[in-house]
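J.: Structure below; questions to follow.
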Amino acid sequence: MTGLPSRFLLVSALSLLALLGFTSCESTNFSKDTRNKMIVSVSDQKMLLVRDGSPIKTYKISTSKFGVGDKPNSNCTPLGRMQVAKKIGDKIPLGSVLKNRRPTGEILKPDAPGRDPIVSRILWLNGTEARNKNAFRRTIYIHGTAEEWRLGSPASFGCIRMGSRDVCDLYNRIGFGADVFVIRGSLQSKKSNQASASAGIAANKTNG
């Protein structure tokens, strides 16, 4: 476990997931990952991985420097519940540059000067709510970034960025269909989690 105290994260994660109504790991679709869920906090610029209702790990991430929302061409990060629709980059080397979701053969070290491509792995997200319905068409990903020095602050053009080692670690832990909840509130505040969760299930807005 990294980041927040495990006991506090357990209470916050269980509270959030209970409000969202997705704590059960049972599924009739055995190909869908119902055990793992990711909670992305825009205010913290962190992601919490939860498995079977228990917090597993926190990762430093970057969401959009343009804020939150889902309008086409906005470069914003959508709020709400999404799911992993495609996993791309299986077994390619760490730091491999991906262009149009294909490896180019170039491999970058973290923070290579003057470079900002997608690297290492891609988890392509599909929206499940009205307010993030454009996510797949907008190619909203969780992906590796070469600019790891920017992690921890908003820096992307809509996607959720991670360090290469972290995105590969996450890629190996989760499967297709795993839920991703993007919230405004902090992972450190139970009250904020509850408020964000309540907002997340009120699908009466088209944008965050």
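The values are calculated or read from the model by the stated rules, or taken from the named source; none is laboratory data. These figures come from a predicted structure and were not determined experimentally. Cβ coordinates were reconstructed from backbone atoms using ideal geometry, including for glycine residues, and neighbour counts include every protein chain displayed.
J.: If you take the residues of the stretch 165-174 that are among the hydrophobic types (A, V, I, L, M, F, W, C) and part of a helix (DSSP H, G or I), which of them is nearest to Leu48 (Cα to Cα)? Walk me through how you get there before you give the answer.
T.: Step one: of the stretch 165-174, the residues among the hydrophobic types (A, V, I, L, M, F, W, C) are 167-168, 170, 174.
Filter once more, keeping what is part of a helix (DSSP H, G or I): 167-168, 170.
Working: Val167: 13, Cys168: 15, Leu170: 11 Å.
The qualifying residue nearest to Leu48 (Cα to Cα) is Leu170.
J.: Among (1) under 14 Å from Phe181 (Cα atoms); (2) surrounded by fewer than 18 Cβ atoms within 10 Å (Cβ to Cβ); (3) among the small types (Gly, Ala, Ser), where does Gly80 come up short?
T.: (2)
J.: Something else: Restricting the stretch 175-199 to residues that are of a type in the set (Ser, Thr, Tyr), surrounded by fewer than 21 Cβ atoms within 10 Å (Cβ to Cβ) and at pLDDT below 85, which is farthest from Leu48 (Cα to Cα)?
T.: Ser198
J.: Something else about it: Consider Gly158 carefully, then state whether it is of a type outside the set (D, E, K, R), part of a loop (DSSP other than H, G, I, E, B), at positive phi and surrounded by 21 or more Cβ atoms within 10 Å (Cβ to Cβ).
T.: Judged against the criteria, Gly158 is a match.
J.: Take Ser120 and tell me if it is over 11 Å from the mean Cα position of the chain (by Cα) and on the phi < 0 side of the Ramachandran plot. Before you say what the answer is, go through the steps one by one.
T.: Details: over 11 Å from the mean Cα position of the chain (by Cα): yes; on the phi < 0 side of the Ramachandran plot: no.
No.
J.: Checking Arg115 against (1) at pLDDT 95 or above; (2) more than 17 Å from Asp169 (Cα to Cα), only one condition comes out false. Which one?
T.: (1)
J.: Quick check on the stretch 130-155: of everything there that is over 20 Å from Phe181 (Cβ atoms) and among the aliphatic types (A, V, I, L, M), which residue is surrounded by the most Cβ atoms within 10 Å (Cβ to Cβ)?
T.: Ala146
J.: For the subset of the stretch 107-121 comprising residues that are among the aliphatic types (A, V, I, L, M) and part of a loop (DSSP other than H, G, I, E, B), which member is surrounded by the fewest Cβ atoms within 10 Å (Cβ to Cβ)?
T.: Ala112
J.: Any residue that is in contact with a Lys or Arg (Cβ under 6 Å, 6 or more places away or on another chain) and among the basic types (Lys, Arg) - is there at least one of those in the stretch 131-138?
T.: Initially, the stretch 131-138 is screened for residues in contact with a Lys or Arg (Cβ under 6 Å, 6 or more places away or on another chain), giving 131.
Subset that is among the basic types (Lys, Arg): 131.
The answer is yes, given that some residue of the stretch 131-138 is in contact with a Lys or Arg (Cβ under 6 Å, 6 or more places away or on another chain) and among the basic types (Lys, Arg).
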